[in-house]
Amino acid sequence: MAKLQDGSGIVIPSAEDIGKFRQNLLSWYQQHGRHFPWRNKSATNYQRILAEILLQRTQAETVASFFPGFVKRFPSWKKLAEATEEELQECFKPIGLWRRRAASLNRLANEMAMRRGRFPREREKLEVLPGVGQYIANAVLMFCHGESQPLLDANMARVLERYFGPRKLVDIRYDPYLQSVAREVVTGDSARLVNWAVLDLAALVCEQKTPRCSVCPVVERCRFAREQGSLAREEPGGSLQD
Ligand code: SF4
């Protein structure tokens with residue numbers, strides 16, 4: 001796999017490698033991508049950011065079953081701010097982590113109600129909001145302000161590392177290699193779709209315990225598959241229903 005040295009001295013995959021990965025991924029996503037309420041065209045920015053907050057440490061299917069009822073009851077930051085922390089705890093019991101979620105969302109909702117639902121544009125101002133770290137700041141910059149930003153979590157990291165090569169640091173937020181690769185992959189007008197496609201590939205194909213390389217749309221150039229001998233052993237084209 002050809003590699004280039006970028007200006008900061010970090011070795012990143014070539015534009016060709018990145019482009020091929022993105023192209024195959026997006027083709028696969030058109031057919032196999034998952035459908036969630038927060039991905040609908042009609043979803044508001046409030047719903048998209050709320051979903052990203054709830055998706056942390058929780059399976060998307062679990063959040064999806066809970067989400068429509070919750071946003072019907074609390075359709076805006078203002079309405080959410082009117083709920084007490086105890087009310088929110090009751091709401092979150094079905095999806096777990098209810099105390100932590102209730103406290104964190106209660107604080108953010110109050111802040112957002114004061115800000116009339118508008119997030120700041122600057123990362124340094126975003127990351128000091130209650131419960132907003134690098135991941136949620138990226139989601140805000142992408143969904144609310146139209147920037148291309150990676151939703152780099154443990155799932156996206158797993159796919160990128162298997163495909164392109166491992167990170168150096170334990171914490172993905174500070175790993176310059178992984179951050180650079182994610183930014184190169186998630187770029188341009190299709191940034192949202194690329195993010196969703198990587199996350200769906202992680203959930204449906206490049207699973208944590210047993211990656212299903214035989215049905216993977218990016219197996220041809222995947223470093224992990226090559227090292228494991230998956231390319232020689234398996235016949236591509238198997239069904240996702242296997
Ligand atoms: Fe993951 Fe295998 Fe696909 Fe590589 S080929 S991205 S390891 S499922």
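The values are calculated or read from the model by the stated rules, or taken from the named source; none is laboratory data. Remember, predicted model here, so these are calculated numbers, not experimental data. Because the Cβ atoms are built from the backbone with ideal geometry, glycine has one as well, and the counts that use them run over all protein chains shown. Each accessible area value is taken on the protein alone, full model and side chains, heavy atoms only, with ligands, DNA and RNA left out. Shrake-Rupley method; radii C 1.70, N 1.55, O 1.52, S 1.80 Å.
Key figures
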| item | result |
| --- | --- |
| Near pairs, Cβ below 8 angstrom, 6+ apart or cross-chain, from region 95-123 (at positive phi) to any residue that is part of a helix (DSSP H, G or I) and surrounded by 18 or more Cβ atoms within 10 Å (Cβ to Cβ) | G117/Y46; G117/W77 |
| Which numbered condition Q134 fails, given (1) more than 16 Å from the ligand (Cβ to nearest atom); (2) open to solvent by 50 Å² or more (accessible area, probe 1.4 Å) | (2) |
| Long-range neighbours under 8 Å by Cβ, at least six apart or interchain, first residue within 28 Å of L126 (Cα to Cα) within region 28-50, second hydroxyl-bearing (S, T, Y) and open to solvent by 30 Å² or more (accessible area, probe 1.4 Å) | Y46/S76 |
| Residue match in region 174-184 (condition: open to solvent by less than 20 Å² (accessible area, probe 1.4 Å) and closer than 22 Å to H32 by Cβ) | yes |
| Hits in region 31-45 - residues which are under 13 Å from D200 (Cα atoms) and either over 17 Å from the mean Cα position of the chain (by Cα) or open to solvent by less than 70 Å² (accessible area, probe 1.4 Å) (or both) | Q31, H32, G33, R34, F36, R39 |
| Restricting region 89-121 to residues that are open to solvent by less than 70 Å² (accessible area, probe 1.4 Å) and among the charged types (D, E, K, R), the residue that is nearest to T62 (Cα to Cα) | R101 |
| Matching residues, region 187-206, being under 14 Å from Q23 (Cβ atoms) and within 16 Å of the ligand (Cβ to nearest atom) | V194, A197, V198, L201 |
| Qualifying residue in region 52-63 (condition: open to solvent by 40 Å² or more (accessible area, probe 1.4 Å), over 30 Å from P176 (Cα atoms), under 20 Å from the mean Cα position of the chain (by Cα) and not assigned by TED's automatic domain parsing to the domain that holds E184) | yes |
| Cross-chain or 6+ apart pairs with Cβ under 8 Å, region 207-226 first and more than 6 Å from the ligand (Cβ to nearest atom), then of a type in the set (V, I, T) and part of a loop (DSSP other than H, G, I, E, B) | V215/V205; P217/V205 |
| Breaking point among (1) more than 18 Å from the chain's Cα centre (by Cα); (2) within 16 Å of the ligand (Cβ to nearest atom), for K168 | (2) |
